[in-house]
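> The structure follows.
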Amino acid sequence: MTQHLTLRRPDDMHLHLRDDALLRGVLPETTRHFARALVMPNLVPPVVTFADAQAYHARILAALPDGTDFQPLMTLYLTEATSPDDVAAAAAAGLVKAVKLYPAGATTNSASGVKDFTKVQPVLERMAQIGLPLCLHGEVTDPIVDIFDREAVFIDRILAPLRARNPGLRVVMEHITTEEGVAYVRAAGPDLAATITTHHLILNRNHILAGGIRPHYYCLPIAKREKHRLALRAAATSGEAHFFLGTDSAPHVDALKEHACGCAGCFTATTTMPLLAQIFEDDAALPRLEAFTSLNGAGFYRLPANQGTLTLTRHDTPQAFPAKILTEAGPVTVFDPGFPVHWHVTS
Ligand code: NCD
Ligand code: ZN
């Protein structure tokens, strides 16, 4: 029996598009299904200023496939030298929708991130005044803290004090991976939200490490124990307005993933919508998929919901997806969920 599901076109509220050859290779994988995406600024060098964001925005538009009305929503990479006036000008122009804070050293290309939070306090105050959201990579970088504890410790040590110092600051905890993250968001008011990735709804740490090391499942924050995955599933499928999709689709060419010191990132852009339909069906939550992918993120970012639609069709036979996409920079492995997926985007 075939079944159809029509949603408003989705938004990906956390995406890595990279630059140059990799940008050209991965961009169609997102524009095929998504109307908008919040584009992360962790290029080398990072997208720090309004001028940097304008230039990157133009490069993305130039790489768009013909006939798409996809809209990249730009972000700025917060450094200790970021100017509050520059951030305010970028937001007033409507180009920049958020500022991203990476603790220095937390993840891929985060060397220019924040070490001393007092240095960014004037920018945070201005953002609170103008209502511009702060997107946080919520992991501490203290080498003493175990990698599996870095998110929970971040909430206590950094996030709670930062929010107390900045009443009214609108914050998105990016790619939450723990039950502590879910609980913290649920207990907070309307100024706090969280993105959840596709892969963190699927993976626990055994998938990465048991029976052989799976470099394509290695991402940051790293997938945690099964109880955390289940907490994320419950949050994503709840329909609650403060949880929404940010795939964190993070392409790296295979040579850099299958490596003695492999890069962090799962590439999920190609298959996210079919995977989410399968996940929401399995959790008896299909009527709430649209809230997660197409309404809640737009609501938090104060954007109108998309007008167009996306239709998914369920087939009795599982659908086949490409194992890799080929880019001019090299092959990129598409995330393999490890279970049959019956859903396919049909229009
Ligand atoms: C991201 C990347 O590759 O840029 N990697 C990842 O594992 N998620 C960076 C990030 O969002 O942490
Ligand atoms: Zn990311």
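The values are calculated or read from the model by the stated rules, or taken from the named source; none is laboratory data. This one's a predicted model, so the numbers in the text were calculated from it and none came from an experiment. Here Cβ is always computed from backbone atoms with ideal geometry, including for glycine, and neighbour counts include all displayed protein chains. Side chains are part of the model used for accessible areas, which takes the heavy atoms of the whole protein and leaves out ligands, DNA and RNA. Shrake-Rupley method; radii C 1.70, N 1.55, O 1.52, S 1.80 Å.
> Which residue pairs have Cβ atoms under 7 Å apart, sit 6 or more places apart or on different chains, and have a first residue in the stretch 137-160 that is free of Cβ contacts under 8 Å to residues at least 60 places away in the same chain and a second that is surrounded by fewer than 19 Cβ atoms within 10 Å (Cβ to Cβ) and assigned to a loop (DSSP other than H, G, I, E, B)?
T141/A104; T141/G105; V153/V145
> Just to confirm my filter: which strands (runs of 3 or more DSSP E) fall fully inside the stretch 63-146 and include at least 1 residues that are touching an Asp or Glu at 6+ places or on another chain (Cβ under 7 Å), crowded, with 21+ Cβ neighbours inside 10 Å and not hydroxyl-bearing (S, T, Y)?
So the answer is 134-136.
> Ok, one more. Could you please find all residues in the stretch 86-123 being more than 16 Å from ligand 2 (Cβ to nearest atom) and among the small types (G, A, S)?
Once the filter is applied, which keeps residues that are more than 16 Å from ligand 2 (Cβ to nearest atom) and among the small types (G, A, S), the stretch 86-123 yields A88, A89, A90, A91, A92, A93, G94.
> Among A323, A329, A285, which is the only one that is open to solvent by 60 Å² or more (accessible area, probe 1.4 Å) and of a type in the set (A, V, I, L, M)?
Testing whether each residue is open to solvent by 60 Å² or more (accessible area, probe 1.4 Å) and of a type in the set (A, V, I, L, M) leaves just A323.
> If you don't mind, there's one more thing I want to ask. Hand me the list of strands (runs of 3 or more DSSP E) wholly inside the stretch 147-263 holding 1 or more residues that are open to solvent by less than 50 Å² (accessible area, probe 1.4 Å) and closer than 22 Å to F339 by Cα.
192-196, 243-245
> So, in the stretch 209-254, exactly how many residues are near ligand 1 (Cβ under 10 Å from one of its atoms) and among the acidic types (D, E)?
Residues in the stretch 209-254 being near ligand 1 (Cβ under 10 Å from one of its atoms) and among the acidic types (D, E): 1 in total.
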